[in-house]
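Peer 1: Provided herewith is a single structure, encoded as structure tokens, for subsequent inquiry.
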Amino acid sequence: RRELGSWFRYDRSGAAVAASDFTVIVGASLLGGLFFSALRGEGPLEFSNWTALGALFGVLFVLVMQLRAQYQPLALLQPLRRLSSILTLWCGIACFLTVIGFALKAGHMVSRGATVSFLAFGLIGIVASRFGWSALMRRALADRRFAPRRIALIADRAWFESCDIAEDFAPFGISVAARVQLPLAGERHAAAVTGLALQIIAALRGSQVEEIVVVAESNALPVAEQLIDELRILPLPVKLMFDRKLSELVKRPIRGFGNDLVAVEMHRPPMTLNERAAKRLLDLAVAVPTLILVAPLLVMTALAIR
């Protein structure tokens, strides 16, 4: 099997894209400064100022994107759906740094024209990078070029028989190195699950398996919970994979009520109060200044048509 290398794994793609974003932003900062300096015929560029500005912008951008789970592989595979988030965050960080620079009276350290060039080059670079990474990941999925990650899969016999495991997991760089069947429905008592867990621990200790995945159907959650608790003795990550019924619930937003109660949002209003406020703020912060900037062009166009 062709591989992109031992480092390029499906679950590590987010870190690679984050590093790429930071590099693109710092590079756009230097490019904006060089472009505007050359345009105005100014002296040598102050690389330290523009490197610092790009690094600060890049750190803020990457951190917020990470907090908003925008570096998850599924998010990276859907760049069109994430454009609004990228644009909103980009404008927000630009406004934030502008306010900070005004408060610290640091506006003289960077040129306004060069800053606008940096913001334009950076946004174009980030968007182009997103589409490039999406195309690369889709090609890697189609060609099964992600580096393999060996897992031990624990599931019901019916689940093993209902799907082609090797074909389903291979595009994501997952190699099923071990398969373990859960006890039958009539034999799922605590002693049987404990015995199965001891066998799994003995078999996987010292092996090359890197992860354990337990497939839990809606009627086998107590068994999966006990089994996962028994497997904590192993120094391996253990993940719980749900069936389709439970997956739909897990994907929805949740709200906790104390330590024991959790509510799943099955239906939501079109826009919450905070979302409406954010949209209005974006309109005022971006749309109004943009209209003011292009107003002379619009007036000239109207006069020319007249």
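The values are calculated or read from the model by the stated rules, or taken from the named source; none is laboratory data. Being a predicted model, the structure only gives us computed values, none of them experimental. When we count neighbours, we look across all protein chains shown, and the Cβ atoms used for this are built from the backbone with ideal geometry, even at glycine. We work out accessible area using only protein heavy atoms, side chains counted, and drop any ligands, DNA or RNA first. Shrake-Rupley method; radii C 1.70, N 1.55, O 1.52, S 1.80 Å.
Peer 1: Take the residues in the stretch 83-112 that are modelled with pLDDT under 85 and surrounded by 15 or more Cβ atoms within 10 Å (Cβ to Cβ), then tell me which one is nearest to Thr51 (Cα to Cα).
Peer 2: So, considering only residues that are modelled with pLDDT under 85 and surrounded by 15 or more Cβ atoms within 10 Å (Cβ to Cβ), the one nearest to Thr51 (Cα to Cα) is Val110.
Peer 1: Further question on the same structure: Which pairs do you get when a residue that is of a type in the set (Ser, Thr, Tyr), found in the stretch 198-224, comes within reach of a residue that is open to solvent by less than 10 Å² (accessible area, probe 1.4 Å), reach meaning Cβ atoms under 9 angstrom, with the pair 6+ apart or on two chains?
Peer 2: That search, which allows pairs on different chains as well, returns Ser207/Ala152.
Peer 1: Continuing with the same structure: If we keep just the residues of the stretch 219-255 that are in a loop (DSSP other than H, G, I, E, B) and open to solvent by 100 Å² or more (accessible area, probe 1.4 Å), which is modelled with the lowest pLDDT?
Peer 2: Lys251
Peer 1: While we're here: What is the one condition in (1) surrounded by fewer than 19 Cβ atoms within 10 Å (Cβ to Cβ); (2) at pLDDT 90 or above that Asn49 does not satisfy?
Peer 2: Tallying (1) surrounded by fewer than 19 Cβ atoms within 10 Å (Cβ to Cβ); (2) at pLDDT 90 or above, Asn49 fails exactly one: (2).
Peer 1: Go through the stretch 67-82 and give me each residue that's in a loop (DSSP other than H, G, I, E, B) and either of a type in the set (Gly, Ala, Ser) or under 8 Å from the mean Cα position of the chain (by Cα) (or both).
Peer 2: The first filter runs over the stretch 67-82 and keeps only residues in a loop (DSSP other than H, G, I, E, B), leaving 68-72, 77-78.
Of everything in the stretch 67-82, those that are in a loop (DSSP other than H, G, I, E, B) and either of a type in the set (Gly, Ala, Ser) or under 8 Å from the mean Cα position of the chain (by Cα) (or both) turn out to be Arg68, Ala69, Gln70, Tyr71, Gln72.
Peer 1: Quick one: how many residues across the stretch 15-37 are in contact with a Pro (Cβ under 9 Å, 6 or more places away or on another chain) and within 12 Å of Thr115 (Cβ to Cβ)? Full working, then the answer.
Peer 2: In the first step, residues of the stretch 15-37 are kept if they are in contact with a Pro (Cβ under 9 Å, 6 or more places away or on another chain); the result is 37.
So of that shortlist, the ones also within 12 Å of Thr115 (Cβ to Cβ) come out as none.
Final tally of qualifying residues: 0.
Peer 1: So, in the stretch 125-157, how many residues would count as being open to solvent by 70 Å² or more (accessible area, probe 1.4 Å) and over 18 Å from the mean Cα position of the chain (by Cα)? Explain how you work it out, then say what you get.
Peer 2: Within the stretch 125-157, the first condition is being open to solvent by 70 Å² or more (accessible area, probe 1.4 Å), and the residues that meet it are 131, 138-139, 142, 144, 150, 157.
If we keep only those that are over 18 Å from the mean Cα position of the chain (by Cα) as well, we get 139, 142, 144, 150, 157.
The qualifying residues number 5.
Peer 1: Sort out which residues of the stretch 130-175 are modelled with pLDDT of 85 or more and either over 23 Å from Val193 (Cα atoms) or of a type in the set (Phe, Trp, Tyr) (or both), and write them in order of number.
Peer 2: Looking only at the stretch 130-175, we keep the residues that are modelled with pLDDT of 85 or more, and these are 130-139, 150-154.
Answer for the stretch 130-175, where residues must be modelled with pLDDT of 85 or more and either over 23 Å from Val193 (Cα atoms) or of a type in the set (Phe, Trp, Tyr) (or both): Arg130, Phe131, Gly132, Trp133, Ser134, Ala135, Leu136, Met137, Arg138, Arg139, Arg150.
Peer 1: Evaluate the following for Gln208: is it more than 26 Å from the chain's Cα centre (by Cα), modelled with pLDDT of 85 or more, open to solvent by less than 80 Å² (accessible area, probe 1.4 Å) and on the phi < 0 side of the Ramachandran plot?
Peer 2: On the way: more than 26 Å from the chain's Cα centre (by Cα): yes; modelled with pLDDT of 85 or more: yes; open to solvent by less than 80 Å² (accessible area, probe 1.4 Å): no; on the phi < 0 side of the Ramachandran plot: yes.
No, not satisfied.
Peer 1: Still on this model: Pairs, please: C-beta under 6 Å, at least 6 apart or cross-chain, first residue in contact (Cβ under 8 Å) with a residue 40 or more places away in the chain and in the stretch 56-74, second open to solvent by 30 Å² or more (accessible area, probe 1.4 Å)?
Peer 2: Cβ pairs passing all conditions: Val62/Phe22; Pro73/Tyr10.
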